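What follows draws every value from the coordinates through simple rules; no lab data is involved. Everything numeric in this text was worked out from a predicted model, so none of it was measured. Cβ: placed from backbone, ideal geometry, glycine included. Neighbour counts: every protein chain shown.
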Amino acid sequence: MGGAVRDALLGVNSASPDLDFVVWGTDVQTLATALGLPFVWHPVYGNATLSLPEGSHVDLVSARRETYAAAGASPQPLPGTLPDDLARRDFSVNTLALELLPDEEKRLLGVPNALDDLRNRTLRPLHALSFRDDASRLVRGARLAARLGLHAHPELLAQVPAALEVADTTPRLSAELKLLLHELHAGRAARTLSEWGAGTLLPEQATPLLERLDAQTDPDPLLAAALVLSAAPQPDTLATRLNLGERPAALLARAHSERPFPAHSQEHRLRDLLNLTPPYVPLQGRDLLSLGLGAGPELGRVLAWLADQRRAGRFASRQDELNAVREHLRTGD
């Protein structure tokens, strides 16, 4: 059900389809054990994630209802039926399911208008409090819209202010923003959020930077994360909130350094995306030695002087550096 059925009906192929099997009338853990495949048990929701031999995964989901004690809080699961499980989903197009019947027959299920919404490529929340219950649905919707070419139903746009009100108290929203950076077209998803009136969920200028990455033939989640950090007033805070780890910040620091990097490296690509200078290979110690400068403290002092001059933006080329060093050695200024 869900993503796999939706994408199949749209004719979208996925290397790793989102396969959910909703189970009711039997215990999911018992069923997972009987199948004899490795699985991870999720006791809170009564779900099991099976590992298939070829490396993909399948989720066995206990049919359930959900209630929300407060806006943005984690849902409280309750046992339910298949219709209950469809009704707890986020968007109508994600309720489409194939019911497996005896004799290998199948029946297409979904909430009312789900198939029409899919045909019209419309993203419609299931009820008027959907985004207030879970603001992360707003970001998930932008990811789907960008990936599948869907457009927002008026009801979705009407719920955006409610989602923004509870964004800071919805922990799952940060996880969805991190997933956005892994989209093939992260900039398109970020632009969708902006067009829906939710651009403040990302730092100002993050969207145009991500769109520049979209234009490249080889998108990279690490580059996307570094670009977003570069636009953040408090990068450390954002990295912690999105659980980005240390690699994006380290990549950004290297891109801002004076070290040369190969043309196709992530550092070089990030410099191009951020329009960082210098666009040339700066002078290094061996270059100064070739100018006749002796090794030792004097070499260190000149290298430090060069670094200060670069930070001040005094050079536009390697030749500028050579001329400046020669003049500096001649005059001592």
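In this label model, ALA215 and ALA263 are separated by 1.9 nm, measuring between points 7 Å along each Cα→Cβ vector. Placing +1 on the Cβ of every Lys and Arg and -1 on the Cβ of every Asp and Glu, with nothing else charged, gives the range 285-331 a dipole about its Cα centre of roughly 60 debye.
Think of the chain as a dipole: +1 on every Lys or Arg Cβ, -1 on every Asp or Glu Cβ, centred on the Cα centre; then among HIS182, ALA158, GLY36, HIS182 lies furthest on the positive end. In the chain, a dipole from Cβ-located charges (positive for Lys and Arg, negative for Asp and Glu) runs towards its positive end, and of GLY72, PRO282, ALA135 it is PRO282 whose Cα lies farthest in that direction. Per the Cα gyration tensor, the chain maps to an equivalent ellipsoid with semi-axes of 53, 21, 18 Å, ordered largest to smallest.
Of the GluC sites (Glu not before Pro) found in the range 97-188, the ones in coil according to DSSP and having at most 13 other Cβ atoms within 10 Å of their Cβ are GLU105. Placing R0 at 35 angstrom, the Cβ-Cβ distance between ARG318 and ASP236 gives a FRET efficiency of 0.55 after rounding to 0.05. Can you tell me, using C-alpha contacts under 8 Å and at least 6 residues apart, the relative contact order of the range 122-197 as a whole percent? 41 percent. Over the chain, DSSP H runs of length four or greater, each weighted -39,500 (n - 2.57), average out per residue to a 222 nm ellipticity of -13500 deg cm²/dmol. In loop segments of the range 258-333 as defined by DSSP, the chymotrypsin sites (Phe, Trp or Tyr not before Pro) with at most 15 further C-beta atoms inside 10 Å of their C-beta are TYR280.
Computed from point charges on the beta carbon alone (+1 for Lys and Arg, -1 for Asp and Glu), the dipole magnitude for the chain about its Cα centre is near 820 Debye.
Relative contact order of the chain: 9 percent, from C-alpha pairs under 8 Å at least 6 residues apart in sequence. Put a plus charge on the Cβ of each Lys and Arg, a minus charge on the Cβ of each Asp and Glu, and nothing anywhere else: the dipole of the range 1-124 about its Cα centre is then about 360 debye.
Of the trypsin sites (Lys or Arg not before Pro) found in the range 18-125, those that fall in a DSSP loop while having at most 14 other beta-carbon atoms within 10 Å are ARG121.
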